[in-house]
Amino acid sequence: MVERNRFLDVLAHLVLITGVLVVAFPVYITFVASTHTAQEIVQAPMPLLPGPHLIENYLAALGGGSHASGSNAAVGRMMVVSLITALVIAVGKISISLLSAFAIVYFRFPLRNVFFWAIFVTLMLPVEVRIGPTYKVVADLGMLNSYAGLTVPLIASATATFLFRQFFLTVPDELVEAARIDGAGPMRFFKDVLVPLSSTSIAALFVIQFIYGWNQYLWPLLVTTDESMYPVVIGIKRMISGGDAQNEWNLVMATAMLAMIPPALVVMLMQKWFVKGLVDTEK
């Protein structure tokens, strides 16, 4: 029996509480700022308690943006763009990675390992190295200011392909033999056996890739010039145009709070599957 040490218990709780405060306090300040007027926010000291303008500020942000700043796009529209982009990137990455890992593990074709390592080596290339050529291709194809331009160059994922390949390698050979005896073809085996077995891994990767797609900044900054195609991260940057007096910080902070909601909901709603997908090894 392990003897409990009261000092260590107190220390552990203090560390946890400190960590929560460090993470949560900036979010709280953002929320408080989103409930005051722009004039109240720039005053010293800044208010630390919520104000009476919460509904007013959030409706203004959702409906029309900031007229004194660099963007007049409605936050509601920007969040729709971000949501579509994140969903397409997440679903596209998972779908392509599942199929490519399936082909690499279960099909015998020449240079199979060469193709896998060619995919894997792309992990070593920083985004900045390939962003110039990628932009040139997207521009030549006329995909600027479009959902295709925002998503297609980001769909391929060497990481997801590698993870699914490692998972498929652990699937017992008996399952393959049983499916073959039952007359199941390759795609039937993929659909009825591998995909259900991979469900928790798919859920975990969906959470990661959705947040990755939602938080995209550099690529949308290059391929979007039309405000109607701004994702919300770009919209927040455009709303901050100059000094404190020129920015409507209440609307900026309201937009930031709204931008946190979808990824936070995805994490909370899929937390069980996310954790299980990272630690579960049962077949």
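Please treat every number below as a calculation from the coordinates, not as lab data. Remember, it's a predicted structure, so these values are computed and weren't measured experimentally. Counting neighbours? That spans all protein chains shown, and the Cβs are built from the backbone with ideal geometry, glycine included.
Taken as Cα centroids, segment 163-228 and segment 1-60 sit 37 Å apart, rounded to the nearest whole angstrom.
Dipole size of the chain about its Cα centre, with +1 on Lys/Arg Cβ and -1 on Asp/Glu Cβ: approximately 600 debye, rounded to the nearest 20.
For Lys136 and Ala24, the FRET efficiency from 1/(1 + (r/R0)^6), where r spans their Cβ atoms and R0 equals 45 Å, is about 0.55. Phi-derived couplings, Karplus 6.51 cos²θ - 1.76 cosθ + 1.60 at θ = phi - 60°, listed residue by residue for segment 99-108: 5, 5, 5, 4, 5, 5, 7, 10, 10, 9 Hz, with x used for Gly and Pro. Modelled label positions at Ala12 and Leu49, each set 7 Å beyond Cα in the direction of Cβ, lie 3.7 nm from each other.
Under 17 Å from a label point set 7 Å out along the Cα-to-Cβ vector of Val193, the amide N atoms of segment 150-175 belong to 165-175.
With a Förster radius of 41 Å, plug the Cβ-Cβ distance of Leu222 and Val171 into 1/(1 + (r/R0)^6) and report the FRET value to the nearest 0.05. It comes to 0.55. Taken along the Cα-to-beta-carbon direction at a fixed 7 Å, the label points for Thr37 and Asp182 span 6.9 nm. In terms of its alpha-carbon gyration tensor, segment 1-146 comes out oblate; a/c meets the 1.5 threshold, while b/c is at least as large as a/b. How charged is the neighbourhood of Ala156? Take every other residue with its Cβ under 12 Å from the Cβ of Ala156, and add Lys/Arg as +1 and Asp/Glu as -1. Net charge in that neighbourhood comes out at +2. Karplus-based coupling profile of segment 116-128, in residue order and whole Hz: 4, 5, 5, 5, 5, 5, 4, 5, 7, 8, x, 4, 5, with θ = phi - 60° in 6.51 cos²θ - 1.76 cosθ + 1.60 and x standing for Gly or Pro. Protection proxy ranking, highest mean first, for peptides 151-158, 201-208, 175-182: 201-208, 151-158, 175-182, where packing is the per-residue count of other beta-carbon atoms within 10 Å, averaged.
If packing is taken as the mean number of other Cβ atoms within 10 Å per residue, what is the order of 7-18, 160-171, 261-272, highest first?
Packing proxy ranking, top to bottom: 160-171, 261-272, 7-18.
With n ≥ 4 as the cut-off for DSSP H runs, can you work out [θ] at 222 nm for the chain, using -39500 (n - 2.57) per run divided by the number of residues, rounded to the nearest 500? Display every interim value, and only then the final one.
Values: 15 runs with 194 residues, N = 283.
Helix contribution divided over all residues of the chain: -21500 deg cm²/dmol.
When the listed pairs Lys237/Lys276; Lys93/Lys191; Lys136/Lys191 are checked against a 29 Å cut-off, the alpha-carbon distance exceeds it for Lys237/Lys276; Lys136/Lys191. Can you classify the chain as rounded, prolate or oblate using the Cα gyration tensor, where a ≥ b ≥ c are the square roots of its eigenvalues, rounded means a/c under 1.5, and otherwise it's prolate if a/b beats b/c and oblate if not? It comes out oblate by the Cα gyration axes.
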